[in-house]
Amino acid sequence: MKNTQLYWNAAAGTLAALVLAVIIWGCAHGAGPLRVEVSDGIEPVDLDTVYLSPSGVEVNFSDVILSRQNETRKLIVRTQNGTVSTKLTDRLINQLDFDFMKKTQNVSYTGTGCFVVDLDRLTAANVVEDKEKKTVTIRIGHAYLESIDINPNNIIIDDVKEGLLAWGDIKLTVADYNTIERELRARLEEEFDTAANGQAADEAALRMVKEVYEPVVKAIDRRYSVVVQFQ
């Protein structure tokens, strides 16, 4: 019985010594907590980006860019306000141009010119990917004056300036009003559609088209940037 007790005491002492030795070895070798590696097909890269494992599917930048054409058919890149005026003259006798025999009235139109870029005309040939430089180049047409909007509330008709022998209002027909509007609209177009305004609209177009499409491209691959050029 005494031998059996001695045997178990020796076994317990040996086991305790082994456990102590394992603990000391673990501390000496800096053993960390237990890790379990699980593969879920996602490779973490940084806090903002994760890349899926290759699936054999390649996204075409032009397909994604051209798919947005219904949302941005014509991009307004610049607007400009302008005012033009004309003087209406009504003579008592058409052949005689004397101030005391005529009455005059000034009419002013204020309009807004809109310069646009056609994005609905982009094709796959206008979108060029450079895999080495990680760029997507979009080639667009130049900006152009697309419309002139005239607010009826901004049409100013001054009082009639009467002559000594010419009194009352200046009578205008519908045809007269149409003629006046065409003339003033044409003059607004001449004021807006200049080389300086076209250059400013082109510069704005390069910047704004980049702002439209770069988030789309970076959503596909954040390493890419967008370059906008004219055709």
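The residues on offer are Arg222, Arg187, and the sole one that is open to solvent by 80 Å² or more (accessible area, probe 1.4 Å), more than 30 Å from Lys103 (Cβ to Cβ) and either among the basic types (Lys, Arg) or assigned to a helix (DSSP H, G or I) (or both) is Arg222. Figure legend. Inter-residue proximity from segment 102-128: first residues farther than 20 Å from Asp176 by Cβ, second residues assigned to a loop (DSSP other than H, G, I, E, B) and of a type in the set (S, T, N, Q), beta-carbon distance below 6 Å, spacing 6+ or different chains. Indicated pairs: Leu119/Thr72; Asp120/Gln69.
For residues that are modelled with pLDDT of 90 or more, farther than 14 Å from Asp202 by Cα and open to solvent by less than 20 Å² (accessible area, probe 1.4 Å), tally how many sit in segment 112-125. Adding up the residues that qualify gives 1. If the condition is being open to solvent by 80 Å² or more (accessible area, probe 1.4 Å), modelled with pLDDT under 90 and within 33 Å of the chain's Cα centre (by Cα), then segment 136-184 contributes Asp149, Pro152, Asn153. Can you find a residue that is open to solvent by 60 Å² or more (accessible area, probe 1.4 Å), more than 19 Å from Ile76 (Cα to Cα), without any contact (Cβ under 8 Å) to a residue 60 or more places away in the chain and assigned to a helix (DSSP H, G or I) anywhere in segment 195-217? For segment 195-217, residues open to solvent by 60 Å² or more (accessible area, probe 1.4 Å), more than 19 Å from Ile76 (Cα to Cα), without any contact (Cβ under 8 Å) to a residue 60 or more places away in the chain and assigned to a helix (DSSP H, G or I): absent.
Residues in segment 121-141 that are part of a loop (DSSP other than H, G, I, E, B) and at negative phi: Arg121, Leu122, Thr123, Lys131, Glu132, Lys133, Gly141.
The values are calculated or read from the model by the stated rules, or taken from the named source; none is laboratory data. Since we're looking at a predicted model, the values are computed, not measured. Using ideal geometry, Cβ is built from the backbone for each residue, glycine included, and neighbour counts are taken over all protein chains shown. Accessible surface is based on the protein model in full, side chains and every heavy atom, while ligands, DNA and RNA are left aside. Shrake-Rupley method; radii C 1.70, N 1.55, O 1.52, S 1.80 Å.
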